[in-house]
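Below is one structure, written out as structure tokens; comments come after it.
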Amino acid sequence: MSLFQQNPPTPESNVSLSEMASMLERAITALPDRYRAVVVLRDLEEMSTGETAEALSLTESNVKVRLHRAHELLRDELMAMAKSASPLAFGFGASRCDRMVEAVLNRLIEKR
């Protein structure tokens, strides 16, 4: 057995990866065209800086600057998405919690 063997994906990890991919896709789609084109060619199509510059009729320096700015915009957008989703992800279900505590306490009392 390999030290670095990965466990098979769980349904939860599959959903999590799917949601992250969806968030990233929405963030890339929201980029201005000039930045989205560079991200798609460099990060998704894995073209070199030179190939991207040629395809977009830009200098290599301009491709690097646009990619850096696009990554900043993506980071900001993803952070905003995560912050807006976090109250839902970690919500406190007070009434459910109260029922659970009551059930546990009742069981403990019964076992006495």
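The values are calculated or read from the model by the stated rules, or taken from the named source; none is laboratory data. Source: prediction; values computed, not measured. Every residue, glycine as well, gets a Cβ built from its backbone with ideal geometry; the counts of neighbours run over all protein chains shown.
Some points to look at:
- Considering the stretch 18-112, the qualifying helices (runs of 4 or more DSSP H), each wholly inside and each with 3 or more residues that are at pLDDT 95 or above and not acidic (Asp, Glu), run over 33-39, 49-56, 60-89.
- Residues that are in contact with a Gly (Cβ under 7 Å, 6 or more places away or on another chain) and in contact (Cβ under 8 Å) with a residue 24 or more places away in the chain within the stretch 31-64 are absent altogether.
- One residue stands out among those in the stretch 48-58 that are of a type outside the set (S, T, N, Q) and surrounded by 18 or more Cβ atoms within 10 Å (Cβ to Cβ): the one that is nearest to the chain's Cα centre (by Cα), which is ALA53.
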